[in-house]
Amino acid sequence: MITKIPTRFEITRRRLLGGVGALAAAPAILRSTGADAAVTLKLGHSGSNEWQGNLWAKNFAEAIEATNLGVKIEIYPNAQLGQDPALAQATKLGTLDITVNGPVLQQYVPSFAVMDLPFLFRDLQDAHKWQDGSVGAKIKSDCESAGFHFLGWIDIGMRSVTTNRRPIETVADFKGLKLRVPPGKVFVSTFQALGASVQSINFGELYTALQQGVVDGQENPPTTIRVQKYYEVQKYLSLTRHIASFAFSVMNKKVYESQPEAVRKAIDEAGRTATEKGRVFLEQDENASLEFLRKQGMQINEPKDISGFRAATRAVIDEAGPVLAPLVKEILKT
């Protein structure tokens with residue numbers, strides 16, 4: 001029997017007409033191979049071309065293509081292949097090879113959520129220590145069990161709150177605010193504990209939601225606020241630095257294991273290279289982003305009630321659940 005392979009137009013049309021299910025149902029044979037490459041791997045994410053995750057993807061592609069092993073990475077940013085939930089599901093099923101994603105992956109790998117606990121890490125460098133050590137090893141193992149192969153960490157930065165209504169100085173300032181948070185349980189619990197009314201909106205749809213007033217504000221690191229141009233639709237930036245934020249890149253496990261050993265090693269090394277380059281970039285970029293945002297007219301303040309924020313959200317850490325509890329205990333020992 002001859003199987004007719006749909007054209008790229010047909011694939012796109014199915015996705016647009018059928019949404020998440022259409023993307024998830026596309027057969028794995030649709031993954032293309034370039035004329036000058038032994039294998040072409042598709043990587044999808046929902047961020048902009050300037051987003052840190054796209055920078056990671058470009059560094060990853062450059063590193064693996066430089067090995068001359070015949071591997072090409074096709075990058076699809078700006079939710080071209082769907083929003084984060086669809087991309088995570090497609091990578092799980094193998095209809096997409098690689099995704100750079102965020103809290104959505106916690107539904108498949110719950111241990112990812114330890115990185116999102118409020119005020120758990122002193123700064124990004126403290127979080128890196130755990131990513132490169134025992135906590136990271138546990139998360140990578142859990143990825144394998146869930147059908148993913150872990151490729152790398154993407155530094156997003158220390159998350160802070162932007163709003164259009166008022167600056168955040170104390171816990172009381174969250175009352176009555178409609179705040180967008182990523183679709184993860186920890187984020188929802190954190191801002192409910194602070195008193196905000198929370199909504200989970202996909203990352204690729206956030207700018208429009210802010211522009212239309214669907215929510216009063218959101219929380220992201222300065223670099224993300226800059227590259228996603230949230231300064232165009234938000235007035236205040238309050239440097240709460242409540243969570244050390246990261247995205248992750250994972251690959252479908254079966255697709256990874258189907259590659260020759262030399263290619264698997266090159267993929268892993270490219271992931272490490274992209275992670276290190278991303279860490280260096282963000283360290284240099286965060287202060288520059290804050291200065292840029294000031295010049296764009298954002299009013300930036302340092303809240304006076306950080307201890308109050310910590311006290312209000314401590315229960316989120318204490319009630320993290322059986323999956324995260326051993327990791328939290330290990331981190332808090334130091």
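Pick from 127, 172: which is surrounded by fewer than 22 Cβ atoms within 10 Å (Cβ to Cβ) and among the hydrophobic types (A, V, I, L, M, F, W, C)?
Answer to the check: 172.
Return the only residue of 116, 126, 132, 97 being farther than 28 Å from residue 41 by Cβ and either under 16 Å from the mean Cα position of the chain (by Cα) or not polar (S, T, N, Q) (or both).
When all the criteria are applied, what remains is 126.
Filter the stretch 71-82 down to the residues that are more than 21 Å from the chain's Cα centre (by Cα) and in contact (Cβ under 8 Å) with a residue 40 or more places away in the chain and list them by number.
Matches in the stretch 71-82: 71 only.
Take residue 276 and decide whether it is more than 30 Å from residue 63 (Cα to Cα) and either in contact with a Gly (Cβ under 7 Å, 6 or more places away or on another chain) or open to solvent by 50 Å² or more (accessible area, probe 1.4 Å) (or both).
Considered against the rule, which asks whether it is more than 30 Å from residue 63 (Cα to Cα) and either in contact with a Gly (Cβ under 7 Å, 6 or more places away or on another chain) or open to solvent by 50 Å² or more (accessible area, probe 1.4 Å) (or both), residue 276 comes out as no.
Within the stretch 193-209, can you find the residues that are assigned to a helix (DSSP H, G or I) and either at positive phi or without any contact (Cβ under 8 Å) to a residue 24 or more places away in the chain (or both)?
208
Please work out which residue is nearest to the chain's Cα centre (by Cα), limiting yourself to the stretch 241-294 and to residues that are among the basic types (Lys, Arg) and more than 26 Å from residue 121 (Cα to Cα).
Top of the filtered list is 253.
Can you pull out the residues in the stretch 230-268 that are open to solvent by 60 Å² or more (accessible area, probe 1.4 Å) and either over 30 Å from residue 216 (Cβ atoms) or in contact with a helix residue (DSSP H, G or I) (Cβ under 7 Å, 6 or more places away or on another chain) (or both)?
Answer for the stretch 230-268, where residues must be open to solvent by 60 Å² or more (accessible area, probe 1.4 Å) and either over 30 Å from residue 216 (Cβ atoms) or in contact with a helix residue (DSSP H, G or I) (Cβ under 7 Å, 6 or more places away or on another chain) (or both): 254, 257, 258, 260, 261, 264, 265.
Kindly indicate which of 213, 217 is touching a strand residue (DSSP E or B) at 6+ places or on another chain (Cβ under 8 Å) and either open to solvent by 20 Å² or more (accessible area, probe 1.4 Å) or over 29 Å from residue 270 (Cα atoms) (or both).
Unique residue meeting the criteria: 217.
If you go through the stretch 212-232, how many residues are of a type in the set (A, V, I, L, M) and farther than 13 Å from residue 157 by Cα?
Result for the stretch 212-232: 2.
Just the residues that are of a type outside the set (A, V, I, L, M, F, W, C) and in contact (Cβ under 8 Å) with a residue 60 or more places away in the chain, please, taken from the stretch 136-160.
Scanning the stretch 136-160 gives 138, 144, 147, 149, 152, 155, 157, 159, 160.
Got at least one residue in the stretch 64-80 being crowded, with 21+ Cβ neighbours inside 10 Å, out of contact with any Phe, Trp or Tyr (no Cβ under 9 Å at 6 or more places or on another chain) and within 13 Å of residue 247 (Cβ to Cβ)?
There is no residue in the stretch 64-80 that is crowded, with 21+ Cβ neighbours inside 10 Å, out of contact with any Phe, Trp or Tyr (no Cβ under 9 Å at 6 or more places or on another chain) and within 13 Å of residue 247 (Cβ to Cβ).
Return the total of residues in the stretch 210-231 being assigned to a helix (DSSP H, G or I), in contact (Cβ under 8 Å) with a residue 24 or more places away in the chain, over 13 Å from residue 48 (Cβ atoms) and not aromatic (Phe, Trp, Tyr).
2
I'm checking my understanding of the structure. Among residues of the stretch 28-63 that are farther than 23 Å from residue 208 by Cβ and open to solvent by 60 Å² or more (accessible area, probe 1.4 Å), which one is modelled with the lowest pLDDT?
Filtering the stretch 28-63 for residues that are farther than 23 Å from residue 208 by Cβ and open to solvent by 60 Å² or more (accessible area, probe 1.4 Å), the one modelled with the lowest pLDDT comes out as 29.
What about residue 114, is it touching a residue at least 12 places away in the same chain (Cβ under 8 Å) and buried (at least 23 other Cβ atoms within 10 Å of the Cβ)?
yes
The values are calculated or read from the model by the stated rules, or taken from the named source; none is laboratory data. As the structure is a computational prediction, the values presented were derived from the model and not from experiment. Every residue, glycine among them, receives a Cβ derived from its backbone with ideal geometry; neighbour counts consider all protein chains shown. Just the protein is used for accessible areas: all its heavy atoms, side chains included, with ligands, DNA and RNA removed. Shrake-Rupley method; radii C 1.70, N 1.55, O 1.52, S 1.80 Å.
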